[in-house]
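Have a look at the structure below before the remarks.
The values are calculated or read from the model by the stated rules, or taken from the named source; none is laboratory data. This one's a predicted model, so the numbers in the text were calculated from it and none came from an experiment. All Cβ positions, glycine included, derive from the backbone under ideal geometry; neighbour counts span all protein chains shown. Accessible surface is based on the protein model in full, side chains and every heavy atom, while ligands, DNA and RNA are left aside. Shrake-Rupley method; radii C 1.70, N 1.55, O 1.52, S 1.80 Å.
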Amino acid sequence: MEAVTFGVLGPVTAGRGGDPVDLRGPRHRALLARLVLARRRVVPVARLVEDLWDVPPARAVGTVRTFVADLRRALEPERPRRAPARLLVTEGPGYALRAAPDAVDAWRFETAAAEAGRLPADRAPARLEAALEEWRGPAYADFGGEKWARGERSRLTELRLRVVERRAELLVDLGRAADAVPDLDAHLADHPWREEAWRLLALALYRTGRQADALAVLRRARALLAGELGVDPGPRLRRLEADVLAQDPSLDPTAEPADAAARLWTRATEAYDRTVAAGSRARLESTVGLLRNLAVTGGGGLEAAREHRTAAVAAAEETGDAELTARVIGAYDVPAVWTRSDDPEAARRIVAAAERTLAALPDDAAGAPARCRLLATIAVESRGLRSPRGPEAAAGAERIARRLDDPALLAFALNGTFMQSCTTAGLAPRRDAIGAELVALARRHGLATHEVLGHLIRVQACAARGDFATADEHAAAVDRLAERHERPLVAVFTTWYRALRGAATDFSYDRAEAAYRSAAATLDGAGMPGLARGLLPLALLGLRLAHERPPEVDPRDDWGPYRPWAELFVLPAEGRAAEAGPALRSLPEPPPDLLYEALCCAEAAFALAVGDRAAMRRTYERLLPASGEIAGAGSGLVTFGPVDGWLAALDGAR
């Protein structure tokens, strides 16, 4: 069954596999919202009737049952007739919605807020920002006047306000006070009675060298509280005002930023605050240049760049200047080697902004470089998505770059072409050609970061074809470049490659497992969640299957995006045959990324174990173009063994 998700942080919604579910009328949505609010607990029918109508109709109970039946059909359209519902279930005197723990945006928000409290201070702001991005509007927006929603709306709203303020407090404490100012300004525009927010804004301004602005904020807070509420500021606000006037040393930052990248960002943004007007065009363009350099410095820098990039693009769009926006979007030509996004929501926003800007640009020769960069951005940020737009954009960017004969544009465009070169199995030769062109182009024109990218692409492609001697040469070359140009993240990929190489050649099972676990340690703090999530469990699953061992999948592991394939192997032995067919039919085609063949093999292993001939035929056809390759090795990270072995097993069994 496709994953069903629910949204209540804004208008009430439901979705299946990324597509919206038609929830029919307002009372259908109200019923669903009431069940979400119950948090998987049973809500008696009598209570539902009471909550849905001020004056219930004569056949209210029957109407509720009709609403439930309609919702079940919408949420589980593939459920056979008479089969029991698995999501919206009948239990005792009423109904319960058995949504997964991560299926409701409000639950994800609360989980993220709690997790941030357990993270190191330098990692917590990003987690809190991700939590805040779950919000699309007021909680349970459709039902603001309903008594049953009132308490939950108030609770969630208060938690959101505290999260905004906690994130700002962390940024100020980390020496990133300039980053906290815009969000606090916006926060106070909507919630001017929040004394803690006034205090944090004044402190943030003071720490960025804006003492006069800090005092103005404190006096504005005093006037508002006295004039509108008839109360004096609380003791913390009063004490801060006195300390600012006295320039008390206790107001100076007490904590150093977490790493060199954070210190670089802090110094640069504070200098910008002093010398360049906020929101100016010069500041926007210069900021993106800083972010581009920051992204290749290491985990902290990459996270900081990702965090601030969308804000810079949004600010550029607000100017209404399409050419400026195109420059801001296109300037971030940081090479990308992994075909799954680290932040899918941010990537979606970047793509949407690039598409809007592309439509607004004049279609003339002068705008061709900007169009090329926008198309390349769309191709890179659409990675891992099965849509024709990504390949179209990549092809368009490459055509323009070749026509203009601009090496930097062509390198960026080829990065987009690489990102869109995983649509089917067996495309390692195509990627190898892209890598070879990038290496040659980058050497001729001194494009060091794209030379690194080209070598890494060739490591992956040569590993896929079992040409480890050539892959070793490229891995050694990329390590030398990384040392010379200070590119610490490169070691993540070369360390994983060497674990893969050993696993695919001469390592024993135990030694290969140890190598993978050691490689996984390089992901800590690397700032690449799109790479890290689920990678180690998947690598160990491939290792077990390649060594013809039982899969032994632990559902408690963080499988990340690979969970649908892992869950096949945790179906209970009793009744597995009955559940195998529906489970395999509901399994999506693997996304178009570097692990396409690996996930095909995971599905093939389960299909072979349960004897599902339809799934065997499907995986055989998907894997056939990769005959002669090593499954999964095109990632440069994992191996599921020779593709030909899987093809022979599937052909013999089907």
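The slack between E589 and R220, meaning 0.36 nm per residue of separation minus the straight C-alpha distance, is 127.1 nm.
Taking the square roots of 5 times each eigenvalue of the Cα gyration tensor of region 1-62, largest first, gives ellipsoid semi-axes of 24, 13, 11 Å. 3J(HN,Hα) couplings calculated from phi for region 172-179 with the Karplus curve 6.51 cos²θ - 1.76 cosθ + 1.60 (θ = phi - 60°) are, in sequence order, 4, 5, 7, x, 10, 4, 4, 5 Hz; Gly and Pro show x.
Using the alpha carbons alone, the radius of gyration of the chain stands to its Kirkwood radius in an Rg to Rh ratio of 0.99.
Heavy-atom accessible surface of E567, to the nearest 10 Å², is about 90 Å², with a 1.4 Å probe and all protein chains retained. From helices alone, the chain scores -20000 deg cm²/dmol at 222 nm; the rule is -39500 (n - 2.57) for each run of n ≥ 4 DSSP H residues, then divide by the residue total. Peptide packing for 45-58, 26-39, 367-380 was compared via the average number of neighbouring C-beta atoms within 10 Å per residue; ordered from the highest value, the list is 367-380, 26-39, 45-58. In this structure E307 has an accessible area near 30 Å², from a 1.4 Å probe over the protein heavy atoms.
Normalising the Debye intensity of region 431-519 to I(0), with uniform scatterers on Cα atoms only, and taking log10 at q = 0.12, 0.19, 0.21, 0.24 Å⁻¹ returns -0.36, -0.82, -0.95, -1.14. Listed peptides 486-499, 187-200 appear in the order 486-499, 187-200 once ranked by packing, highest mean of other Cβ atoms within 10 Å at the front.
A crude spin-label estimate for the pair H485 and A186, with each label 7 Å from Cα along the Cβ direction, gives 3.4 nm.
Between L624 and K147, the distance separating the two model label sites (each 7 Å from Cα on the Cα→Cβ line) works out to 6.6 nm.
For G94, the residues 5 or more places off, or on other chains, whose built amide H falls under 5 Å of its own are V45. Here region 529-654 is treated as a Stokes sphere of Kirkwood radius computed over C-alpha pairs; at 4 °C and 1.567 mPa s its diffusion coefficient rounds to 90 µm²/s. Taking 0.36 nm per residue of separation and subtracting the Cα-Cα distance, full extension of the segment from R47 to D472 would add 146.3 nm.
Taking the average, over residues, of other Cβ atoms within 10 Å as the packing measure, peptides 526-537, 73-84 rank 526-537, 73-84 from highest down. Using a probe of 1.4 angstrom and keeping all protein chains present, the accessible surface of the chain works out to 44 square angstrom per residue. The alpha carbon centroids of region 390-455 and region 460-533 are separated by 22 Å.
Each residue was assigned an accessible area with a 1.4 Å probe, and for F507 the value is about 40 Å².
Solvent-accessible area of the chain (1.4 angstrom probe, protein heavy atoms only): carbon and sulfur portion equals 51 percent.
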